[in-house]
1. Which aspartates and glutamates have a Cα less than 13 Å from the Cα of LYS197, not counting those fewer than 8 places away in the same chain?
2. Could you please report the charge total around GLN55, scoring K, R as +1 and D, E as -1 over all other residues with beta-carbon less than 13 angstrom from its beta-carbon?
3. Could you report the chain's accessible area per residue, 1.4 Å probe, as an integer in Å²?
4. Between Rg and the Kirkwood Rh of region 91-148, both from Cα atoms, what is the Rg to Rh ratio?
5. Under the definition of Cα pairs under 8 Å and six or more residues apart, what whole-number percent is the relative contact order of region 91-174?
6. Compute, for region 54-154, the length of the dipole vector about the Cα centre, with Cβ point charges of +1 (Lys, Arg) and -1 (Asp, Glu) only. Units Debye, rounded to 20.
7. How long are the semi-axes of the equivalent ellipsoid of region 235-276, defined as square roots of 5 times the Cα gyration tensor eigenvalues? Whole Å, largest first.
8. Run a plain Debye calculation on the chain (Cα atoms as equal point scatterers, no solvent) and give log10 I(q)/I(0) at q = 0.15 Å⁻¹, rounded to two decimals, same order as the q list.
Amino acid sequence: MKNVKQIWQETAKQLEKVYDRREAENISYLLLEDAFGLSKTAIFFEENAEVASGQLDKCVKRLLKHEPIQYVTGIADFYGRKFHIAPGALIPRPETEELVSLIIKENKVENPKVLDVGVGSGCIAITLALELNARVFGADVSKEAIAIAEKNAHQLNANMQFYQSDILNENLPETDLDIFVSNPPYIPHMEFDKMAKNVTDYEPELALFVPDDDPLIFYKRIAEEGLNSLKKGGNLYFEIHEDFGEEVKTYLRKTGYSEVTIHKDMQGKERIVSAIFY
């Protein structure tokens, strides 16, 4: 039986082969917490614990190949909850938490009706269902993503409905929406070589990339659907590529939305656009 602090330090030291020290220590902690159930308290008080060395070694080997810690443990933290995560869905990002926070802050409707297009792991949809006591629907083109989202909804006791739909080629059945939200693919293929290996080698391309010659393809289509799906006074929210805020804003205004606003994230990047349909 080893001291938990020693296990944490030894694991972080191994991870420093491919990560800087601070990131290695953070990943080491997440691994011990989510894969082995060991807390920061156990590390701080240098408690003793049994950790299966074979399992730990396998996890470290995967991490040294740049596989994201969330896929290694099968768990991602989002808005104070633990979500099941697997390679069929994107790993939730902090900026997406900011999107959810904005929606919750601005919502003034009791039990709003919500649709999330590109539902992925379900982190946005499920969080809104639980935080707003909302009637939520989630759509995605990927069967894998829907299966992951359904598992999360079940584990977190979120009552909602999912369906497979190709937003680029199909109309959405939901109408009278109070909130229409999407974090769609928005990265041009030309940026592939600039991205980190833990993203390009492991996360689903289907959920990441758009054509170089039409990077707003999903925003345009979803905005058009919103004209039929949102009720008067309903809100549309997008997570966006930091370079396309003004273009998305211009398109929404041209399409017929009002009060179109670009919101910056905590790092000062333009990452969210909101609009109202009147």
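1. The reachable aspartates and glutamates, counting only those whose Cα sits under 13 Å from LYS197, are GLU67, GLU205.
2. 0
3. About 50 Å² of surface per residue is accessible.
4. 0.97
5. About 27 percent, as a whole number.
6. Details: 13 positive and 13 negative charges, 58 e Å.
Charge dipole of region 54-154: 280 debye, to the nearest 20.
7. Numbers: eigenvalues 61, 21, 9 Å².
Working through the eigenvalues yields semi-axes of 18, 10, 7 Å.
8. Summing over Cα pairs of the chain leads to -1.11.
The values are calculated or read from the model by the stated rules, or taken from the named source; none is laboratory data. Since the structure is predicted, the reported quantities are computational estimates derived from the model, not experimental observations. When we count neighbours, we look across all protein chains shown, and the Cβ atoms used for this are built from the backbone with ideal geometry, even at glycine. For the accessible areas, the whole protein counts, side chains as well, though only heavy atoms, and no ligand, DNA or RNA atoms are used. Shrake-Rupley method; radii C 1.70, N 1.55, O 1.52, S 1.80 Å.
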